[in-house]
Amino acid sequence: MGSCRFLCLIAACVPLAELWVHPHMFSSLRSIRLDTHDSVALFASNNERNIKKTHIVIVGGGWAGLSVADSLSHDENVEITLLDAGPAVGGLAGGGALSPRLQLSVEPGLHGFWREYRNTIATLERIGVMPGALTEFTPSILVSQHGRVALAPVLANETLNNKLTAGSPIPRVEEALSKLLPPPLDVALLSEFSSKRLSTADRISALGLVSAWADFEPENRESWLRYDNISAEALFRSAGVTPALYDELVAPLLHVLPMTTGYDCSAAAALSCFHVFALQSKGAFDVRWCTGSIGQTIFQPWIEQMTARRNVKILSGQRVTNITAQSIGSFEVSVQGDNEHYSCDAVVMAVGGTALKRLALNCPLLQVSESRYWNESLRGVTCVAVRLFFDRNSPKPWLRPMKDSPVVVCGPNILPELVETGFCIYDLNRLQPDVFSNVTALEVDFFRADGIANMESDDDVADLALKAVATALRLPSIAQDRNLWLEVHVIRARNAVSHFCLNSAKTSPGVRVCKGVYFCGDWIDRTGHSSWSTEKAVVTGRQAALSIAKDFNLQRCDTGIIPAPPEAPPLMALRKLARLRKNATPTPIPFF
Ligand SMILES: Cc1cc2nc3c(=O)[nH]c(=O)nc-3n(C[C@H](O)[C@H](O)[C@H](O)COP(=O)(O)OP(=O)(O)OC[C@H]3O[C@@H](n4cnc5c(N)ncnc54)[C@H](O)[C@@H]3O)c2cc1C
């Protein structure tokens, strides 16, 4: 302990050491001491007032961790050290890496920004990267094992005449209808379904789910727990959804939204996911994409702003191995190698569920009441992102089948190797034209892809990706000759994405463990905010910051959280009916 205090003192004195102090502090710095809780207190001589900064260590630098840093660092009495294990900060959204050969942008999969990502978009606006960071809203083509099923149009876009949606699918009458139809009828009636795949009867069978949708309350933990031990497949089938609707529409969406298969997805997660991504408000399914890599386009300017102008130090390559309470109100964060320690007043764990599960094994401070379920129910879905670069003049056979959209969402079973694997195809030249002006670039992201992640050769993975694209788009073949490939880049993200399997809601802790220890990320309990994925990471990051601000009486943090959209009138009416039904009949959930 003694040597650790000494290290802290040195660190506070030496600007090159790990504890970063805002440059202007040095001009007026006269004395440094350790206070009773081992935290570093700095004294500025100009007003001889004791300004003890609250030192927060954030573990994990994805959307969640960066959001905590952003919120808290508006208060100049807060000092933040963000530690990330990866070679660059960014987490699953990527650190702005470049491919080794062509030095072109690569990232662990493309990430959509849905219309109701209110807190995420507000963050982008505050960083100052909007509107350029995101494309216009973009339709998506949906493909099942039997071929094209539907085109999800942009439902609430005021500027339909942008280049991505040009010539796209909403004729005038439907455009007028889209203004009149309340959600969720707009998605159901305006999506362009292939009549070969889905009959009217199939589409009507979705109505069977309405009572479950109305009964389920996505921000209510008790509601999550009620639907958590039933599989999505069991719920959908027992609600009368026809096999065709399940196979053609539900299964593909489950494979790309919660990224798993129906029997291995909790009904609560499926209902919540469909509500948030498609049904909750007009145009909820409308999605935009980053115009470059998230790392370069969003995170780099964000990080620069925080580290240059506020008391934030961000360190990559720092794998945290333990967190211990030192004395009341003081914590020590240990990092792998070098016997490195950080003393602080509070720790925020923004590491993702599976990483937290591993850390908690040896760290009693992180063992919360939910952690007794972590062993069996806290899992990750493996994703594999494949980026292929070809000569800029090489043929692009995917252009014709993808004329309605640069994004194709594909369900499982499209190839024998992909029985439980869904994937998305992205025409990067149309989504990120400025980034890929000199090459032809195609991305295929596989979800629930352990088998693919285990393939040793990147070229074999690329072969499979091209076979999958050709089969999904009904093309004879695409660029099978490996001499046509300029570069292939494969990112294997093993057990990376939160897996909402059966009973997973029980594993989701709240944001605050105790004063000084906080959790955030896309797998945290949804009570109070029903968002998903990136938006959930941002929201819980801001919720953790709010909790810290309250606990430490920090007045100047920016902790505003935009709530999820209010219930649309039809849903409000249905919910009232569902509550009446629940009061009248004791069945825990409809159909069971
Ligand atoms: C292929 C793919 C496609 C996706 N598509 C979408 C999409 O279209 N839209 C969407 O909204 N979301 C999408 N997601 C999900 C989205 O990426 C996540 O929801 C979001 O990035 C989670 O952010 P986070 O900050 O909670 O966690 P993460 O991004 O996982 O960040 C956690 C960080 O913690 C660090 N860490 C872990 N252990 C330690 C340790 N011991 N010490 C220090 N640091 C540690 C990691 O290095 C990582 O940087 C996708 C994900 C993938 C993989």
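Being surrounded by fewer than 21 Cβ atoms within 10 Å (Cβ to Cβ), over 22 Å from residue 293 (Cβ atoms) and away from the ligand (no atom under 12 Å from the Cβ) is the requirement here; does residue 437 meet it? Considered against the rule, which asks whether it is surrounded by fewer than 21 Cβ atoms within 10 Å (Cβ to Cβ), over 22 Å from residue 293 (Cβ atoms) and away from the ligand (no atom under 12 Å from the Cβ), residue 437 comes out as no.
Counting only residues that are over 10 Å from residue 214 (Cα atoms), hydrophobic (A, V, I, L, M, F, W, C) and touching a helix residue (DSSP H, G or I) at 6+ places or on another chain (Cβ under 6 Å), the stretch 559-582 holds 2 of them. Apart from one condition, residue 180 fits all of (1) of a type outside the set (D, E, K, R); (2) modelled with pLDDT of 80 or more; (3) farther than 21 Å from residue 502 by Cα; (4) out of contact with any helix residue (DSSP H, G or I) (no Cβ under 8 Å at 6 or more places or on another chain); the exception is (2). Of all residues in the stretch 245-253, none are touching a helix residue (DSSP H, G or I) at 6+ places or on another chain (Cβ under 9 Å) and not in a helix (DSSP H, G or I).
If a residue must be away from the ligand (no atom under 16 Å from the Cβ) and modelled with pLDDT of 95 or more, how many such residues does the stretch 477-500 contain?
Of the residues in the stretch 477-500, the ones away from the ligand (no atom under 16 Å from the Cβ) are 477-488.
When the remaining residues are screened for being modelled with pLDDT of 95 or more, the result is 485-488.
Residues in the stretch 477-500 being away from the ligand (no atom under 16 Å from the Cβ) and modelled with pLDDT of 95 or more: 4 in total.
Regarding the stretch 400-411, can at least one residue be identified that is without any contact (Cβ under 8 Å) to a residue 60 or more places away in the chain and surrounded by fewer than 16 Cβ atoms within 10 Å (Cβ to Cβ)? Yes, the conditions are met somewhere in the stretch 400-411.
Considering every residue within the stretch 518-525, establish whether at least one is more than 14 Å from the ligand (Cβ to nearest atom) and free of Cβ contacts under 8 Å to residues at least 40 places away in the same chain.
No: zero hits.
Listed conditions (1) in a helix (DSSP H, G or I); (2) more than 16 Å from the ligand (Cβ to nearest atom); (3) in contact with a helix residue (DSSP H, G or I) (Cβ under 6 Å, 6 or more places away or on another chain) are all met by residue 241, apart from (1). For the stretch 311-362, the strands (runs of 3 or more DSSP E) that sit wholly inside it and include 1 or more residues that are in contact with a Lys or Arg (Cβ under 9 Å, 6 or more places away or on another chain) and either farther than 18 Å from residue 519 by Cβ or within 14 Å of the ligand (Cβ to nearest atom) (or both) are 330-335, 340-344.
For the stretch 501-515, a tally of residues being in contact with a Ser or Thr (Cβ under 8 Å, 6 or more places away or on another chain) and either within 12 Å of the ligand (Cβ to nearest atom) or not basic (Lys, Arg) (or both) returns 9. Set side by side, the residues 110, 66 differ, and just one is surrounded by fewer than 24 Cβ atoms within 10 Å (Cβ to Cβ), modelled with pLDDT of 95 or more and near the ligand (Cβ under 9 Å from one of its atoms), which is 110.
Take residue 372 and tell me if it is free of Cβ contacts under 8 Å to residues at least 24 places away in the same chain and of a type in the set (D, E, K, R). It is true that residue 372 is free of Cβ contacts under 8 Å to residues at least 24 places away in the same chain and of a type in the set (D, E, K, R).
Would you check if there is a residue in the stretch 544-563 being under 30 Å from residue 385 (Cα atoms) and either modelled with pLDDT under 95 or small (Gly, Ala, Ser) (or both)?
Within the stretch 544-563, not a single residue is under 30 Å from residue 385 (Cα atoms) and either modelled with pLDDT under 95 or small (Gly, Ala, Ser) (or both).
Scanning the stretch 69-107 for residues that are among the aliphatic types (A, V, I, L, M), part of a loop (DSSP other than H, G, I, E, B) and more than 6 Å from the ligand (Cβ to nearest atom) returns 88, 89, 97, 102, 104, 106. With respect to residue 367, determine if the residue is polar (S, T, N, Q), within 16 Å of the ligand (Cβ to nearest atom) and over 23 Å from the mean Cα position of the chain (by Cα). Judged against the criteria, residue 367 is a match.
The values are calculated or read from the model by the stated rules, or taken from the named source; none is laboratory data. This is a predicted model, so every value here is computed, not measured. Please note: Cβ atoms are built from the backbone with ideal geometry, for glycine as well, and neighbour counts cover all protein chains shown.
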